[in-house]
Amino acid sequence: MVTDRKTPPAIHDAISFDYVLQPINEHKLTNGLPLYWLNGGVQDVVEIDWAFSAGLWYEQQQGIAQTVAGLLKNGTAKKTAQQINEALEFYGASLKVNAGNDFTTVSLYALTKHLPALLPIVHEILTEAIFPEEELSIYKQNTIQRLSVSLRQCDFVANQKIDALLFGEGHPYGRYTKKEVIEAINREAVLDFYRKHFNLAEVKIFMAGNVGDKEVKLLDAFFGGPLLTVTAPDKGVFALQTSPDKKYKLVNDANGVQGAIRIGRLFPNRQHPDFAPMVVLNTLFGGYFGSRLMSNIREEKGYTYGIYSSVSPFVNGGALTVHTEVGRDVIEPAVNEIYKEMEILCNEPAENDELLLVKNYLLGNLLGDLDGPFSILQRWRTLILNGLTVDHFNRNIQVYKNVTAAELQLLAQKYFKKEDYHEVVVI
């Protein structure tokens, strides 16, 4: 058979592809702990995540969740921080701890063959961390120093203020770090949070890579033993304290030549039927480099290097926010143009070609996310931690493919009302 090198292959739009999320295996360890795992890829590498209900939502004292995450690897009853770091480096492994609004995730990245040596170290960290007083003192000093530097940056302050206005400073999603908060943290409070919220009886474990039954048995050997019986973490109930003041302006630097703009509103979480179509509408509005906001405020007006809008979903709510930094002299015109683009989306349906471009961009990125075991695992972890199934993923795909310009216009009329937005400007 002669290869035809003159006729190019057919070009297909991303919306014409089928999107299938690789199934995940659910296994119960000997002690009943859930393990979600999938085999993929050809390289002998593995990612294992331990997800705890230990995010900011569960704090009894502000700043504790981030402190525990920052110090988790800094000493156990048997090893110093240096010894732990040297052991991880010896095996070429990476252990990251991320404290989010709802969960804290401990993630191990390593060669599969080194798991027998690495899993005991992780188990020791998760069960025997001691948070030495010296390490805590250094952490607090470094955090306060970083905070003092960050507070001179208008974008950092604006990010703090918009969350506080939308959720309230007393709400877990609206709190922000202050010097006195860090200074008030003590070792007893850190240990108390660690013991209550890093109990292995409440963990969910996720694994992906070139793995199989052998690696499942390894995890069972180190994490399938007897568990301490403790009360599950209190989920807490927090009332929104949305500020009645819609506008906030702060001159953080009298000589500043740039201003940070944040315009946002509350928005439902992933379970809400408006969430999936809003992903499409937000992409059109300000979610990618070819968006309406970018075309207008960067390309046409030249007010900024970049402007984006984002939907931030959490377990107990979320927000829709526009964020940019512009020259001090064009702050007001830039704000006006943002609202102008909202109004246009409310009054005029998007052209078919533009909507097709947005859908292809959105689904094209999704194709990349479905290529590789680690990114697939992240998709599954998000679904499982939010109480969702693969049916939710499949429904979203159908929305991304089939939502119409008329439906997006109705959605814009519902969520792009200027009077519903809080506005923060920090110079």
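Quick look at the values:
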{"item": "Scope the range 57-71; condition β-branched (V, I, T) and in contact with a strand residue (DSSP E or B) (Cβ under 9 Å, 6 or more places away or on another chain); matching residues", "result": "T67, V68"}
{"item": "All positions within the range 393-404 that are of a type outside the set (D, E, K, R) and surrounded by fewer than 16 Cβ atoms within 10 Å (Cβ to Cβ)", "result": "N394, Q398, N402, T404"}
{"item": "Test: residue in the range 81-90 that is small (G, A, S), closer than 23 Å to I130 by Cα and crowded, with 19+ Cβ neighbours inside 10 Å", "result": "no"}
{"item": "Condition met for A10 (over 24 Å from L377 (Cα atoms), in contact (Cβ under 8 Å) with a residue 24 or more places away in the chain and of a type in the set (A, V, I, L, M))", "result": "no"}
{"item": "Residue within the range 16-26 that is assigned to a strand (DSSP E or B) and within 24 Å of A117 (Cβ to Cβ) present", "result": "no"}
{"item": "Criterion (of a type outside the set (D, E, K, R), in the same structural domain as E188 (by TED's automatic domain parsing) and either assigned to a strand (DSSP E or B) or farther than 22 Å from I121 by Cα (or both)) met by exactly one of L88, L35", "result": "L35"}
{"item": "Residues of the range 383-409 satisfying the condition of being among the hydrophobic types (A, V, I, L, M, F, W, C), farther than 19 Å from D353 by Cα and out of contact with any helix residue (DSSP H, G or I) (no Cβ under 9 Å at 6 or more places or on another chain)", "result": "I384, L385"}
{"item": "Qualifying residues in the range 70-79 (those that are buried (at least 21 other Cβ atoms within 10 Å of the Cβ) and either β-branched (V, I, T) or assigned to a helix (DSSP H, G or I) (or both)) - the one farthest from the chain's Cα centre (by Cα)", "result": "T76"}
{"item": "Condition met for A54 (of a type in the set (G, A, S), out of contact with any Cys (no Cβ under 9 Å at 6 or more places or on another chain) and part of a helix (DSSP H, G or I))", "result": "no"}
{"item": "Residue tally, condition surrounded by fewer than 20 Cβ atoms within 10 Å (Cβ to Cβ) and assigned to a helix (DSSP H, G or I), over the range 144-164", "result": "10"}
{"item": "Only listed residue being assigned to a helix (DSSP H, G or I), surrounded by fewer than 21 Cβ atoms within 10 Å (Cβ to Cβ) and either assigned by TED's automatic domain parsing to the domain that holds L126 or small (G, A, S) (or both), chosen from R195, R175", "result": "R195"}
{"item": "Qualifying residue in the range 304-314 (condition: more than 30 Å from W57 (Cα to Cα), surrounded by fewer than 15 Cβ atoms within 10 Å (Cβ to Cβ) and hydroxyl-bearing (S, T, Y))", "result": "yes"}
{"item": "Enumeration of residues in the range 1-48 that are surrounded by fewer than 10 Cβ atoms within 10 Å (Cβ to Cβ), more than 15 Å from G209 (Cβ to Cβ) and β-branched (V, I, T)", "result": "V2, T3, T7, I11"}
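The values are calculated or read from the model by the stated rules, or taken from the named source; none is laboratory data. Note that the coordinates shown come from a computational prediction; the quantities given were computed from them, not determined experimentally. Note: ideal-geometry Cβ built from the backbone for every residue, glycine included; neighbour counts use all protein chains shown.
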